[in-house]
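First up is the structure itself, then whatever we jot down about it.
The values are calculated or read from the model by the stated rules, or taken from the named source; none is laboratory data. Every value quoted in this text rests on a predicted model; they were computed, and no experiment measured them. Cβ: placed from backbone, ideal geometry, glycine included. Neighbour counts: every protein chain shown. Surface accessibility is based on the protein's heavy atoms, side chains included, excluding ligands, DNA and RNA. Shrake-Rupley method; radii C 1.70, N 1.55, O 1.52, S 1.80 Å.
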Amino acid sequence: MPLPFATNMRLKLPILAIGLELAMIILFGIFVEYDKDQDIGHQPNRTRHDNRFLALYPLFQDVHVMIFVGFGFLMTFLKKYGFSSVGFNLLIAALGLQWGTLMQGLWHSEGRKFHIDILTLINADFSTASVLISFGAVLGKTSPVQMLVMAIMEITVFASNEHLVAEKLQAQDTGASMIIHAFGAYFGLAVAIVLYRPNLEREPENKASVYHSDLFAMIGTIFLWMFWPSFNSAIAEEGESQYRAIVNTYLALAACVLAAYALSSLVDQRGKLDMVHIQNATLAGGVAVGTCADINIHPFGAMLIGSIAGIVSVLGFKFLTPIFASKLRIQDTCGVHNLHGLPGIIGGLASIVAVAMGATDRTTVAMQAAALGSSLGTAIAGGLLTGLILKIPIWGQPPDQNCYDDVVYWEVPGVEEYHDHTLKHDDHTLEHNDQDEE
């Protein structure tokens with residue numbers, strides 16, 4: 001027997017997914033080519049060490065692990081939404097990688113055919129990361145069809161903002177605190193405002209976590225924490241800049257952990273640690289130091305940025321999230337504002353201070369401020385528009401009572417049998433009552 005609720009996904013998801021993939025295949029056939037600078041065998045003066053693709057491939061793999069394992073498992077804290085957290089993360093990322101390759105390639109090639117090199121793959125991961133950050137803000141409240149539509153919309157807006165910040169403004173944002181983290185967070189929050197559901201204010205049971213779901217989420221935290229130096233250094237200039245990006249991120253993350261643990265204990269009346277803070281705020285230092293990652297801010301500067309980010313993130317979870325939900329109608333499921341939004345702004349402000357103090361001459365205070373403003377403004381405007389599109393009933397948004405529950409979209413072992421038994425029991429009871437009435 002069918003479940004007592006229907007989502008109309010049998011046709012919507014297959015048609016949209018296959019249609020999008022066919023479109024990707026056609027567009028790749030028109031615009032994308034292999035990089036022609038990879039055949040070392042026909043270039044006698046070059047060795048494997050001269051091949052930038054092979055040199056940067058380990059960093060690309062680290063970023064790839066963050067996208068598919070780190071982000072996926074970080075969102076498994078909901079006790080009945082683990083399949084969707086990891087599974088939809090994979091679905092969204094697979095589409096995002098392809099669409100991100102096309103969007104950024106077309107912006108930088110000005111409509112001509114472009115070649116896929118290692119930076120293309122890394123930047124495709126980066127554009128996908130922005131969508132996965134936004135996914136956290138609406139986790140459990142959207143259908144997979146809505147998420148595919150959001151991925152297409154967001155990456156299109158992301159690529160235009162990235163082109164403006166990196167190419168036109170020539171701003172410094174190697175670790176993408178502004179371009180990816182702040183952008184993804186406020187895009188997702190803007191979507192969440194439009195998709196606000198008053199019935200979810202009552203904190204449904206499924207929105208809670210359990211011991212093992214929080215443990216799985218901590219796996220995502222550890223993977224992200226370990227590989228974040230690769231994320232912040234992947235597109236830095238080779239040599240000293242890349243070295244600084246790795247060291248600064250490494251130190252910022254370490255300092256952030258101590259600050260996050262300290263504040264988590266401090267804000268609790270019994271001095272206990274909150275797993276939500278530890279899963280998220282311990283990563284805020286990697287976000288915040290991103291913009292300054294390859295700038296000469298000195299090791300202590302990186303540690304200071306990381307510490308501030310950890311403190312602000314915990315305070316955000318403790319005090320801002322409830323206000324956002326009750327006063328501003330923003331239901332931020334994963335708290336992306338505290339992990340990505342606020343630390344992303346801290347990163348932008350830190351870069352402005354660094355430039356003002358003469359730590360780099362590659363950009364100006366005005367350009368950094370414009371980059372931060374552009375990322376926030378574009379994200380909010382794009383998110384509001386995307387939210388209005390996602391609100392159209394055709395996409396099959398899950399009903400309030402079925403939010404944060406895998407069984408809406410997945411074959412969950414044991415659950416279908418339970419519902420079948422319940423329905424049979426209900427049918428038998430109704431039949432028995434009818435006989436009594438006769």
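Some values worked out for this structure:
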quantity	calculated
Low-density loop positions, trypsin sites (Lys or Arg not before Pro), the range 216-314 - DSSP coil, at most 16 other Cβ in 10 Å	270, 272
Two-site label geometry, residue 23 and residue 199: point separation in nm, points 7 Å out along Cα→Cβ	3.1
Nearest 10 degrees, 0 to 90: helix 144-163 Cα axis against the chain principal axis	20
With all protein chains modelled, accessible area of residue 407 [1.4 Å, Å²]	10
Pairs of lysines in the chain (C-alpha under 25 Å apart; 8 or more residues apart or interchain)	25
Accessible heavy-atom area order of 411, 201, 154, 240, highest first, probe of 1.4 Å	411, 240, 201, 154
Percentage of interatomic Cα-Cα distances in the range 328-417 larger than 18 Å	66
Charge dipole magnitude, Cβ of K and R +1, D and E -1 - the chain, Cα centre, debye nearest 20	1420
Residues listed by number, the range 130-168, amide nitrogen under 19 Å from residue 392 label point at 7 Å toward C-beta	142-157
Positive dipole terminus of the chain, leading residue within 228, 188, 28 (C-beta point charges)	228
Rounded tilt (10° steps) of 183-194 against the dominant C-alpha axis of the chain	30
C-alpha center-to-center spacing [the range 67-140, the range 264-282] in angstrom	29
Dipole of the chain, positive direction: furthest Cα of 72, 243, 218, with charges on the beta-carbon	243
About the Cα centre, charge dipole magnitude for the range 90-206 (Lys/Arg +1, Asp/Glu -1 at Cβ), debye	240
Gain in span if fully extended, residue 226 to residue 400, counting 0.36 nm per residue against the direct Cα distance	59.0 nm
Residue 57-residue 272 pseudo-label distance in nm [points 7 Å out on the Cα-to-Cβ vector]	4.9
Distance from the range 332-367 to the range 379-409 (C-alpha centre basis), Å	30
Cα pair distances in the range 141-294, grouped into 10 Å bins until the bin that holds the longest one, percent each	10, 27, 35, 22, 5, 0
Rough spin-label spacing in nm, given labels placed 7 Å along Cα→Cβ, for residue 265 and residue 381	4.7
Largest to smallest principal axis extent of the C-alpha atoms in the chain, angstrom	92, 58, 36
Pairs of Cα atoms farther than 18 Å apart, the range 174-243, %	66
222 nm mean residue ellipticity, helices alone, for the chain (DSSP H n ≥ 4; -39,500 (n - 2.57); rounded to 500)	-20500 deg cm²/dmol
